[in-house]
Amino acid sequence: MKILKRALTFTVLTLALSYAFAAFLYFGVHLRWNTLLAQFAGMAYMFIPTLVVVGLQRFAYREPVVSTMGICWRPNKWWVAAWLFPPALAFAALGVSLLLPGVTYDPSLSGMFQRYQHVFPPETVAEMQRQMEAMPLHPLWIALVQGLIAGATINAVFAFGEELGWRGFLLRETAGLGFWRANLLIGFIWGVWHAPLILQGHNYPQHPVAGVFMMIIWCLLLSPLFGFLRLAGKSVLAAALVHGALNGTAALAIMVIAGGSDLTVGVTGLAGFVALAAANVGLWAYERFRERGFLDRLLEQAARPC
């Protein structure tokens, strides 16, 4: 109960501070989501879980942060898997999207630019289109390389702002629940935490209200996979890497298709749900192949200092 009490304390504080910050941005400064200022605000939002973790560890629990939160600088093969999993997921979601009614292959990228019209001003979309037409290679491959580089660098830094909370503090404090229940609980909290951003048009600009529920489902499906990579990588930095790479490569899933909506295509749509469900089945099968209870024992190690 003591462990769950800490998890509850973290969750309440994180949601309260995050929602308060989002309310200030919306009601106080009337922030529009498709602006440069909104992008910086979103980056700041990502660091709220880390601020709560540091505050609790240093001032409430009087415990160290680095050694107890799994911030370990010893990369292994699972860090590479964490880096490459997101583009594999994006291409899998792309393949599933092409099976949906009304969705077609569109190498001209016209479908992607049509989707961006819901997010960015027309002049921004036109400039993006001009830049992509001038590229020496197809933009899909350039975006893949750029996304992987960004995922391992700047994106990973901002993703760490979240991951120290989700796969650092919460995963350690809920270890007693077992791997699957702990990660599903974290996934639900993670999804609910996104709600203010989703309502502003993040990820689901065409369906912001329905998008809140879609994001919760998406995080529930994603959380065990992130949790496994964090545990197999023996560091919360592996979770930051997969999170950063996901943010950097998610657009690959919708670049060369036309049709569908933000609820059906892409990594965060129905197509992504199918790909993630398959990945979770694969993780379940991997545990059975290794040994029953393997993931639970791996989770127990997360509570130990580096």
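The values are calculated or read from the model by the stated rules, or taken from the named source; none is laboratory data. Note that the coordinates shown come from a computational prediction; the quantities given were computed from them, not determined experimentally. Note: ideal-geometry Cβ built from the backbone for every residue, glycine included; neighbour counts use all protein chains shown. Accessible surface areas use protein heavy atoms only, side chains included; no ligands, DNA or RNA. Shrake-Rupley method; radii C 1.70, N 1.55, O 1.52, S 1.80 Å.
Electrostatic bookkeeping for Phe228 treats Lys and Arg as +1 and Asp and Glu as -1; over the other residues with beta carbon under 11 Å from its beta carbon, the sum is +1.
Positive end of the dipole of segment 1-91 (Cβ unit charges, origin at the Cα centre): among Phe40, Ala60, Phe27, the Cα lying farthest that way belongs to Ala60.
Seen from Ala82, the other residues with C-beta closer than 15 Å to its C-beta sum to a net charge of +3, counting Lys and Arg as +1 and Asp and Glu as -1. Taking the 1.4 Å solvent-accessible surface of the chain as the whole, the part contributed by carbon and sulfur is 70%. Summary of the geometry: segment 41-83 and segment 174-188, compared by the centres of their Cα atoms, lie 18 Å apart. Checking every one of the trypsin sites (Lys or Arg not before Pro) in segment 1-105 against DSSP loop status and a limit of 10 other Cβ atoms within 10 Å picks out Arg62. Highest GNM mean-square fluctuation among Leu25, Leu185, Leu89, for the chain modelled with Cα contacts below 10 Å: Leu25.
Taking 0.36 nm per residue of separation and subtracting the current Cα-Cα distance, fully stretching the chain between Leu31 and Leu98 would add 20.6 nm. In a GNM of the chain with a 10 Å cut-off on Cα contacts, which of Leu13, Leu170, Leu246 has the highest mean-square fluctuation? Result: Leu13 has the largest fluctuation of those listed.
Checking every one of the GluC sites (Glu not before Pro) in segment 197-306 against DSSP loop status and a limit of 16 other Cβ atoms within 10 Å picks out Glu291. Other residues lying with their Cβ under 13 Å from the Cβ of Arg167 contribute a combined charge of 0, Lys and Arg counting +1, Asp and Glu -1.
Among the chymotrypsin sites (Phe, Trp or Tyr not before Pro) in segment 1-63, those placed in a DSSP loop whose Cβ has at most 13 other Cβ atoms within 10 Å are Tyr61.
For the set His138, His30, His194, solvent exposure ranked by accessible area (probe 1.4 Å, protein chains only) runs largest to smallest as His30, His138, His194.
Protein heavy-atom accessible surface, 1.4 Å probe, per residue over the chain: 47 Å².
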